[in-house]
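Below is one structure, written out as structure tokens, with a few remarks after it.
The values are calculated or read from the model by the stated rules, or taken from the named source; none is laboratory data. For clarity, every value in this text was computed on a predicted model and none was experimentally measured. Neighbour counts run over all protein chains shown; Cβ positions are idealised from the backbone, glycine included.
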Amino acid sequence: MNPNQADEREVCLVDDDLSVLKSMHYLLASEGLKVRTFNKAEDFLSHASTHHVPVVVTDIWMDQVTGLEVLARLCAISPKTRVIVITAREDLAARATAMAIGPVAFFMKPFNDEKFIAAVRDALGQGRK
Amino acid sequence: MNPASTKEDHQHSEEQLSLLQTISMEVATASDLASALEVVLREVCEKTGWVIGHAWVSNSDATALDLLVGWYCGDSELKPFKAASEASHFKLGVGLPGRVWESKQPAWVEDIVNDPNFPRSAAARSAGLKTGVAIPILSRRKVIAVLEFFMREARSQNEQLVNVIVAVAAQLGLMMERKRAAEQLSDTNEILQSILSNMGDAVIVADKGGHFLVFNPAAERMFGKGAMQMPFAEWSQRYGIYLADKITPFPHDQLPLARSIRGEEVDNVEMFVRHERAPHGLWTEITGRPLRGANGDVLGGVIVCRDITQVKEEEFFRAGQSGVLEMIAADAPLGDVLTSLVLLMEGQAEGLRCSILLLNHDGKHVRHGAAPNLPEAYVKAVNGAPIGPRNGSCGTAMYRRRPVVVTDVMTDPLWADYRELAKICGLRACWSTPILSAQGDVLGSFAMYREENRGPLPDETRLTQIATHIAGIAIERQRQQEILREREARINLAAESADLAFWILYPGQNAAWMSEKGRLIYGFDSELPLTCDLLLSRVHPDERADVKAAYDRACALSGTFESEHRLLLPYGRTRWVIMRGRCLKDEEGNLLETIGVTLDVSAQKQADLQLQHQREEMAHRNRVSLMGEMTASFAHELNQPLTAIANTASAARRFIERGNIDPALLQQLLQDMVADSQRAGEVIRGIRSLVRKETSVHTLLDLNSVITETVRLVSTDVLSRESVVTTELDPQLPQVKATLVQIQQVLLNLIINALDAMEGLPPAERRIIISTRSDKGDVVEVSVRDFGTGLPKDRPDKVFDHFFSTKQKGMGMGLAIVRSIIEAHGGTIVGENAPDRGASMIVRLPAVRGQTQTIAAA
């Protein structure tokens with residue numbers, strides 16, 4: 001793929017849990033959205049450094065790197081990327097940090113599919129169909 | 001024969017008759033053959049005109065005839081012939097007597113001087129003898145003597161004269177035969193009389209009417225008096241004859257003599273005889289036989305009585321000894337045994353008194369044993385007296401350990417302290433011998449007392465030996481019994497207070513014995529006969545087979561067995577017992593019995609169970625509280641699959657709504673949802689297993705895998721605390737036998753404690769290192785290392801105490817439970833402060849040998 005011809009509508013998914021990753025892929029695909037999935041945060045970051053990433057959906061609790069670290073680095077690489085955070089754990093401290101970095105949405109797993117899709121579309125700047 | 005006138009004949013006949021009469025009378029009154037012959041020779045010579053008469057008899061060996069008697073008609077001219085005759089010994093057929101000896105016929109020689117067979121012819125010529133005649137005296141057709149007559153005239157054979165002499169000879173023969181028979185009879189009688197008089201055995205002969213014909217001196221001695229005429233019925237009373245009880249008069253119709261007179265043969269009848277000449281009595285053994293006439297009729301009876309008093313007394317003495325030994329064997333009281341022994345000894349000698357003293361356990365004082373015939377005052381005075389070098393006969397004998405013979409208590413220095421007492425009691429001599437045990441310890445003394453001054457006779461010394469021997473057995477036995485009783489009492493006491501049951505099984509007879517306590521424990525009535533099967537039936541059905549197998553194994557190896565099991569008693573009660581037993585076999589290896597004990601441990605077991613229950617309860621609470629510590633992990637673990645399911649389901653709905661779904665895709669979505677549901681189920685199962693109350697089930701575990709899994713389980717919490725857990729696992733780690741949940745619990749506790757300990761550190765320093773190793777192969781070591789605040793410096797192991805906590809929210813039970821779990825697995829746990837900072841908790845568990853697991857399998 002030509003890094004300079006980045007798809008404006010491509011949504012990146014980052015989760016170290018394969019089944020969650022896969023299920024979000026299905027969900028967005030069912031809405032006709034283009035999706036790129038990453039099982040490892042590092043892979044995503046390297047992708048983001050060479051591609052335009054309009055929207056990323058990421059878990060903030062992952063084995064190797066914490067989601068917050070990913071967010072911080074993404075901020076540096078691609079400040080315009082809109083971030084949607086999903087987490088499996090209620091953690092006020094983490095949530096506050098994440099919000100400070102500036103995600104557009106924050107979801108607790110499991111989450112409402114309609115709201116999630118809406119949040120993703122919002123982030124893509126497409127508004128409602 | 002010459003013709004003779006009638007008158008002459010008549011005259012001759014008269015003379016012959018008168019001669020025969022004279023001879024008959026003379027012979028009848030003659031005391032012996034020689035004097036009878038002398039009369040005959042004289043009468044014949046005087047009445048019939050012969051000058052010499054000789055009587056020849058055979059010598060002792062019957063080889064020749066010797067001159068027995070001669071008669072000569074006064075003439076000195078006849079002397080040479082007498083001398084020649086006395087010097088002659090005629091063999092058979094030689095000379096005149098020899099010829100008659102041979103022919104057994106009279107011989108008449110007219111001219112002896114010229115007879116060719118007359119060796120004395122020279123003497124006959126000088127004596128002027130001419131005619132000789134010789135006649136045999138026959139008895140039972142044997143020549144017993146030859147009569148010989150000579151005259152000076154030559155005379156031809158006179159038939160009449162020969163007949164007279166033949167008649168005389170015949171009469172002599174008869175007479176001699178009679179005489180010889182009488183002489184023989186008289187000899188036999190004398191021999192018999194002599195035998196009877198000198199015989200040691202009593203011999204009594206009586207006729208049919210009970211009149212004594214023979215009553216020899218031995219019989220007189222035995223029965224105290226001689227033959228007396230009296231009816232049978234009075235014999236027993238008059239002669240003092242009794243049955244073996246020494247009191248009942250012998251039934252007269254059963255007396256051996258009476259029976260033998262009735263025609264019976266009597267053998268070896270014993271009777272007791274006592275009369276004024278034998279006041280102590282005597283024992284006799286009698287054999288009797290009937291006397292029968294030629295026609296077989298019973299004429300009387302004869303008895304022979306042998307004195308068996310000595311044999312009998314020896315027999316009684318031996319029986320007495322056996323009696324005392326039997327008393328000992330039957331555990332009769334010692335006093336009774338010793339009294340019987342003393343009485344037995346006293347009965348063996350006249351005027352003998354005996355006593356037995358016992359040595360106290362202190363070895364210094366004596367106490368009364370037995371002295372039935374000593375005055376009470378003496379017995380009392382001696383009881384409790386000390387032993388020593390000058391303490392009478394007994395005290396000194398026990399002190400010296402050897403016999404002491406005092407022949408005169410009035411002068412002997414040993415008796416200085418007891419002289420007056422002895423005088424009062426009439427004691428003069430006292431010989432005492434120590435009674436020794438088999439090991440040679442002094443048990444007491446046996447003493448003999450006499451009222452005359454003398455030392456012991458050999459018989460009395462022998463009695464002493466027997467008495468001390470038997471007394472030693474009795475006293476030693478009693479002491480052993482005392483020791484046994486004491487020991488038994490002590491064992492019983494111990495058994496009773498220890499709730500111990502004693503039992504013996506006799507598998508051969510399917511019989512069993514059990515102490516009272518045992519019957520109580522097993523719930524058996526005290527009267528119920530026990531069997532091995534009955535005992536086994538009390539074992540709880542769940543454990544019966546195992547107990548039986550353990551018992552059989554022990555029997556086969558004749559070894560010991562131990563089993564802890566439950567008993568199921570009537571009415572459903574149960575009891576926990578420990579049973580220990582040992583199998584005993586005889587020399588041939590046959591199982592004789594199994595002896596053992598059963599210990600009631602119900603109370604202890606109950607406490608153990610309660611404790612275990614409490615421990616499990618605490619562990620459970622600990623696990624529940626661990627769950628609280630791990631909510632992040634659980635939430636994350638559970639939320640992941642739930643999120644996946646929700647997303648996938650939602651996607652599927654949307655695809656369907658849009659109506660353009662690829663059936664293959666739909667199938668894929670459904671399959672993913674199933675997989676995620678299962679994953680969620682796994683998470684819940686994992687949580688439940690940690691929270692569930694379950695008893696220990698040991699399985700073979702690979703600790704590396706358990707650690708990896710547990711770290712994964714807690715990973716979200718580790719992340720949320722901004723910490724890192726790293727593992728350094730030994731790939732050659734052996735397996736351990738353990739309960740999975742409990743090991744997970746231990747690891748979770750240690751990890752969470754480590755996380756807590758590092759809360760105050762900067763996130764970059766929050767590290768936990770979990771490592772495993774097995775240096776020696778028989779122990780598996782797990783170390784959980786943190787870099788936190790460390791353990792209390794003064795006493796690192798304080799952290800394992802109950803209720804010790806450095807945390808505000810902690811109960812302080814975590815490490816206490818961890819330790820109890822590890823110890824229940826046969827392991828240990830120690831806490832150490834690391835040299836730089838932080839602490840290591842080191843768990844060691846026994847490895848299962850030969851079981852190693854590579855990390856690849858984890």
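None of A:35, A:14, A:57, A:20 is touching a strand residue (DSSP E or B) at 6+ places or on another chain (Cβ under 6 Å), modelled with pLDDT of 85 or more and under 23 Å from residue B:718 (Cα atoms) except A:14. Looking only at the range B:65-94, residues that are touching a Ser or Thr at 6+ places or on another chain (Cβ under 7 Å) and among the aliphatic types (A, V, I, L, M) come to 2 in all. Count, please, the residues in the range B:239-257 that happen to be in a helix (DSSP H, G or I) and surrounded by 14 or more Cβ atoms within 10 Å (Cβ to Cβ). Here the count works out to 4.
Looking at the structure I just gave you, is residue B:661 among the hydrophobic types (A, V, I, L, M, F, W, C) and not in a helix (DSSP H, G or I)? Step through it out loud before you land on a result.
Details: among the hydrophobic types (A, V, I, L, M, F, W, C): yes; not in a helix (DSSP H, G or I): yes.
Against the criterion (among the hydrophobic types (A, V, I, L, M, F, W, C) and not in a helix (DSSP H, G or I)), residue B:661 qualifies.
Residues in the range B:375-392 that are crowded, with 19+ Cβ neighbours inside 10 Å and part of a loop (DSSP other than H, G, I, E, B): 2 in all.
Per the conditions (1) outside any helix (DSSP H, G or I); (2) in contact with a helix residue (DSSP H, G or I) (Cβ under 6 Å, 6 or more places away or on another chain); (3) surrounded by 18 or more Cβ atoms within 10 Å (Cβ to Cβ), the sole criterion not satisfied by residue B:133 is (2).
Does residue B:99 satisfy the condition of being free of Cβ contacts under 8 Å to residues at least 60 places away in the same chain and assigned to a loop (DSSP other than H, G, I, E, B)? No, not satisfied.
Listed by first and then second residue, the pairs linking a residue in the range A:24-51 that is polar (S, T, N, Q) to a residue that is in a strand (DSSP E or B) and surrounded by 19 or more Cβ atoms within 10 Å (Cβ to Cβ), with Cβ atoms under 7 Å apart and 6 or more places separating them unless they lie on different chains, are A:37/A:13.
For residue B:650, indicate whether it is within 14 Å of another protein chain (Cβ to nearest Cβ) and modelled with pLDDT under 85.
Working: within 14 Å of another protein chain (Cβ to nearest Cβ): yes; modelled with pLDDT under 85: no.
It is false that residue B:650 is within 14 Å of another protein chain (Cβ to nearest Cβ) and modelled with pLDDT under 85.
What is the one condition in (1) in contact with a Pro (Cβ under 6 Å, 6 or more places away or on another chain); (2) farther than 20 Å from residue B:298 by Cα; (3) not acidic (Asp, Glu) that residue B:199 does not satisfy? For residue B:199, the exception is condition (1).
When you look at residue B:246, is it more than 17 Å from residue B:305 (Cα to Cα) and either in contact with a helix residue (DSSP H, G or I) (Cβ under 7 Å, 6 or more places away or on another chain) or of a type in the set (A, V, I, L, M) (or both), yes or no? Give the derivation first.
Values: more than 17 Å from residue B:305 (Cα to Cα): yes; either in contact with a helix residue (DSSP H, G or I) (Cβ under 7 Å, 6 or more places away or on another chain) or of a type in the set (A, V, I, L, M) (or both): no.
No.
May I ask you to verify whether residue B:443 is surrounded by 14 or more Cβ atoms within 10 Å (Cβ to Cβ), touching a residue at least 12 places away in the same chain (Cβ under 8 Å) and assigned to a helix (DSSP H, G or I)? Judged against the criteria, residue B:443 is not a match. If I filter the range B:658-695 down to residues being away from chain A (no Cβ under 11 Å) and of a type in the set (Gly, Ala, Ser), which single residue comes out as nearest to residue B:709 (Cα to Cα)? That would be B:686.
The set of residues from the range B:232-252 being among the acidic types (Asp, Glu) and under 45 Å from the mean Cα position of the chain (by Cα) comprises just one member, B:245. One residue stands out in the range B:604-619 among those that are of a type in the set (A, V, I, L, M) and touching a residue at least 12 places away in the same chain (Cβ under 8 Å): the one that is surrounded by the most Cβ atoms within 10 Å (Cβ to Cβ), namely B:619.
Residues B:643, B:727: which one is hydroxyl-bearing (Ser, Thr, Tyr) and assigned by TED's automatic domain parsing to the domain that holds residue B:777? Steps first, answer last, please.
Working: B:643 fails: assigned by TED's automatic domain parsing to the domain that holds residue B:777.
Unique residue meeting the criteria: B:727.
The condition of being surrounded by 12 or more Cβ atoms within 10 Å (Cβ to Cβ) and not polar (S, T, N, Q) holds for only one of B:296, B:288, that being B:288.
Go over the candidates B:104, B:142 one by one and state the one that is under 23 Å from residue B:68 (Cα atoms), surrounded by fewer than 13 Cβ atoms within 10 Å (Cβ to Cβ), modelled with pLDDT of 85 or more and out of contact with any Gly (no Cβ under 8 Å at 6 or more places or on another chain).
B:104
Restricting B:637, B:616, B:587 to residues that are more than 14 Å from chain A (Cβ to nearest Cβ), farther than 24 Å from residue B:520 by Cβ, assigned to a helix (DSSP H, G or I) and among the charged types (D, E, K, R) narrows the list to B:616.
Only one residue in B:623, B:582 is surrounded by 17 or more Cβ atoms within 10 Å (Cβ to Cβ) and either in a strand (DSSP E or B) or modelled with pLDDT under 80 (or both). Which one? So that I can check it myself, show each step before the final result.
On the way: B:582 fails: surrounded by 17 or more Cβ atoms within 10 Å (Cβ to Cβ).
Just a single option satisfies the conditions, and that option is B:623.
Restrict the check to the range B:196-208 and report whether at least one residue is part of a helix (DSSP H, G or I), closer than 30 Å to residue B:347 by Cα and touching a residue at least 60 places away in the same chain (Cβ under 8 Å). Please lay out each step first, then the result.
Here is the first cut: in the range B:196-208, the ones part of a helix (DSSP H, G or I) are B:196-198.
If we keep only those that are closer than 30 Å to residue B:347 by Cα as well, we get none.
No; the residues of the range B:196-208 include none that is part of a helix (DSSP H, G or I), closer than 30 Å to residue B:347 by Cα and touching a residue at least 60 places away in the same chain (Cβ under 8 Å).
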